[in-house]
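The values are calculated or read from the model by the stated rules, or taken from the named source; none is laboratory data. Just so we're clear, the structure is a prediction, and the values are computed from it rather than from any experiment. Cβ placement follows ideal geometry from the backbone for every residue including glycine, while neighbour counts extend to all protein chains displayed. In case anyone asks, the SASA skips ligands and DNA or RNA and just uses the protein heavy atoms, side chains included. Shrake-Rupley method; radii C 1.70, N 1.55, O 1.52, S 1.80 Å.
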Amino acid sequence: MFVKLLLAAALIAATVAIQAVFMAVGLRVFRRMEPDYLSRHATAATVVWVSYLLIPIVLDIGIWALLYYASGALPTLEDAVYFSTVTFTTVGYGDIVLGKDWRQVSVFEAVNGWIIFGWATALIMAVIQRLYFRADADIG
C-alpha cells in the first residue's frame with residue numbers, strides 16, 4: 001500500500017507541475033497582449049482562457065487514468081478514463097469502483113482534482129478581474 005501512496009503523491013506532484021507550467025505560459029502570453037485589445041475582446045479572451053485552462057485538467061485526468069489502466073486496477077482504458085474523470089471532478093458516481101487495494105489511491109486523486117480546480121478557478125477569476133474591472137479601477 002505504501003508504494004501505491006507514493007505513486008499517488010508523485011502523480012499529484014506531476015499534475016501540480018503541469019498546472020504550474022500552463023499557468024506560467026498562459027499568464028506570460030496574457031500579460032504581453034495589448035490592454036486595449038483585451039478590453040475590446042474581453043468575452044473572447046475569457047473563453048480562450050477558460051478553454052486553455054481545461055487542457056492541463058484533461059492531461060491530469062489522463063495521467064491518473066493511465067495509472068489505473070497500466071496497473072490493471074481497471075480493465076479497459078475507457079473505464080479508466082471515465083473513472084478518473086468522475087473521481088478527479090469529485091462527482092463520484094460510484095458505478096465503477098476500484099478494488100480494495102486501490103481505493104485509497106483514488107481518494108488522493110479526488111483531493112488532487114479539488115486542488116487543481118480551485119487553482120484553475122482562482123486563475124480564471126484573476127483574469128476576469130483584470131479584463132472586466134481594470135477599466136473601473138483606472139477611472140476612479
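Out of the residues in the stretch 92-106 that are farther than 16 Å from Pro75 by Cβ and open to solvent by less than 70 Å² (accessible area, probe 1.4 Å), which is farthest from the chain's Cα centre (by Cα)? Top of the filtered list is Gly94. The residue pairs whose first member lies in the stretch 32-52 and is under 13 Å from Tyr132 (Cα atoms), whose second member is of a type in the set (Gly, Ala, Ser) and open to solvent by less than 50 Å² (accessible area, probe 1.4 Å), and whose beta carbons are closer than 6 Å, counting only pairs six or more residues apart or on different chains, are Leu38/Ala45.
Could you list, ordered by first residue, the pairs with Cβ atoms under 7 Å in which the first is in the stretch 55-69 and of a type in the set (Ser, Thr, Tyr) and assigned to a helix (DSSP H, G or I) and the second is surrounded by fewer than 21 Cβ atoms within 10 Å (Cβ to Cβ) and at pLDDT 95 or above, at least 6 apart or interchain? Here the result reads Tyr69/Leu77, each pair linking the stretch 55-69 to a residue that is surrounded by fewer than 21 Cβ atoms within 10 Å (Cβ to Cβ) and at pLDDT 95 or above.
Within the stretch 11-31, being among the aromatic types (Phe, Trp, Tyr) and touching a residue at least 60 places away in the same chain (Cβ under 8 Å) holds for one residue alone: Phe30. Scan the stretch 70-97 residue by residue and report those that are touching a residue at least 12 places away in the same chain (Cβ under 8 Å) and of a type in the set (Phe, Trp, Tyr). Answer for the stretch 70-97, where residues must be touching a residue at least 12 places away in the same chain (Cβ under 8 Å) and of a type in the set (Phe, Trp, Tyr): Tyr82, Phe83, Phe88.
A residue that is loosely packed, with under 15 Cβ neighbours inside 10 Å, assigned to a helix (DSSP H, G or I) and of a type in the set (Gly, Ala, Ser) cannot be found anywhere in the stretch 74-82.
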